[in-house]
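What follows is a short report on a single structure.
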Amino acid sequence: EVQLVESGGGLVQPGGSLRLSCAASGFSFSMYAMTWVRQAPGKGREWVSVINSVGGSTSYADSVKGRFTISRDNAKHTLYLQMNSLKPEDPAVYYCAKLRRSSWTVPLSHDYWGQGTQVTVSS
C-alpha cells in the first residue's frame with residue numbers, strides 16, 4: 001500500500017529553521033513528482049512546493065520562495081522541505097503528497113497524501 005509519513009514538525013521561533021521529512025513506501029518513489037501542501041487552522045489548503053521525479057526541477061509558492069527548499073533522496077525514498085526564516089504566517093499542518101506523473105502540470109493532481117506534521121511558529 002502507498003504510505004507517506006511526514007515528520008520533523010514542531011515548535012520554532014520566528015526566524016528559525018526546521019526540516020520536514022516525508023518517508024514514502026508502497027510505490028516507485030523515483031518515478032513520481034512530489035509536493036508539499038499546507039493548511040492553517042480555518043484556512044484552505046495552500047500549495048507550497050513541487051519537485052519532479054529526478055529532483056532537477058522545482059517550483060515554489062511566492063509566499064515561501066527564497067526561504068524554503070524542497071529536495072528528495074530517491075535512494076532513501078524520502079522527500080524533504082527545508083524551512084528557513086520562518087514567519088508567523090507559516091504555522092500550519094504540512095502534508096506531503098504524491099502526484100500522478102513524473103513531472104507536473106497546472107492544476108496539480110495528487111493521488112495520495114500523508115497525515116501531516118504540525119509546524120508552530122511562536123516566540
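The values are calculated or read from the model by the stated rules, or taken from the named source; none is laboratory data. Bear in mind the structure is a predicted one, so any value in this text is a computation, not a measurement. Because the Cβ atoms are built from the backbone with ideal geometry, glycine has one as well, and the counts that use them run over all protein chains shown. These accessible areas exclude ligands, DNA and RNA; they are computed on the full protein's heavy atoms, side chains included. Shrake-Rupley method; radii C 1.70, N 1.55, O 1.52, S 1.80 Å.
Note on region 19-40: residues that are surrounded by fewer than 21 Cβ atoms within 10 Å (Cβ to Cβ) and assigned to a strand (DSSP E or B) total 5. Counting residues in region 3-16 that are of a type in the set (Ser, Thr, Tyr), within 11 Å of the chain's Cα centre (by Cα) and exposed (fewer than 15 other Cβ atoms within 10 Å of the Cβ) gives one or more.
Restricted to region 109-123, and to residues there that are part of a strand (DSSP E or B) and among the hydroxyl-bearing types (Ser, Thr, Tyr), the residue that is farthest from the chain's Cα centre (by Cα) is Thr120.
Residue by residue, here is whether (1) open to solvent by 70 Å² or more (accessible area, probe 1.4 Å); (2) in contact (Cβ under 8 Å) with a residue 60 or more places away in the chain; (3) in a strand (DSSP E or B) holds:
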| residue | (1), (2), (3) |
| --- | --- |
| Gly42 | yes, no, no |
| Ser53 | no, no, no |
| Asp62 | yes, no, no |
| Arg72 | no, no, yes |
| Leu81 | no, yes, yes |
| Pro88 | yes, yes, no |
| Cys96 | no, yes, yes |
| Ser102 | no, yes, no |
| Pro107 | yes, no, no |
